[in-house]
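Structure first, then comments.
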Amino acid sequence: MQLVRVTNLTKGTVVAEKAELAASFLTRLRGLLGRKGLAEGGGLVLRPTDSIHSFFMSFSFDAIFLDRSGLVLRLMSDMRPNRISPLVRRGHVVVELPAGGIARSRTSTGDQLRIE
């Protein structure tokens, strides 16, 4: 899987140093299933998608929903197992981070993120 870096251009912070890119049907379907957690500085970037779930997972995580341009539309901190997110209108990308990743990167709704 390809690794990408996610930065918050608005705040000048690194959101994820080494996030995996899940851009195919199979990699999006697998997502974080079967993992015991996410490493600090790690993450998963799902694209395209406008909602996520945490069924069959064993850990909590944070999720950042972006539009096509990288604008933060919605934040979900500490998404616990066996939950489903709301459908995010205009959502196109979701960045999943270790729990607390949103707070550590100081990311807020309306911030501009870059995935490279």
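The values are calculated or read from the model by the stated rules, or taken from the named source; none is laboratory data. Worth saying up front: this structure is predicted, and the values here are computed from it rather than measured. Virtual Cβ from ideal backbone geometry, glycine too; neighbours counted across all protein chains shown.
Miscellaneous remarks
- Criterion (more than 14 Å from the chain's Cα centre (by Cα), of a type outside the set (Lys, Arg) and closer than 14 Å to residue 100 by Cβ) met by exactly one of 25, 59: 59
- Residue, nearest to residue 18 (Cα to Cα), within region 67-116, restricted to residues that are touching a Gly at 6+ places or on another chain (Cβ under 7 Å) and among the acidic types (Asp, Glu): 96
- Some residue of region 92-103 being in contact (Cβ under 8 Å) with a residue 40 or more places away in the chain and of a type in the set (Asp, Glu): yes
- Qualifying residue in region 39-48 (condition: modelled with pLDDT under 95 and farther than 16 Å from residue 7 by Cα): yes
- Residue 83 vs. criteria charged (D, E, K, R), more than 16 Å from residue 109 (Cα to Cα) and touching an Asp or Glu at 6+ places or on another chain (Cβ under 7 Å): no
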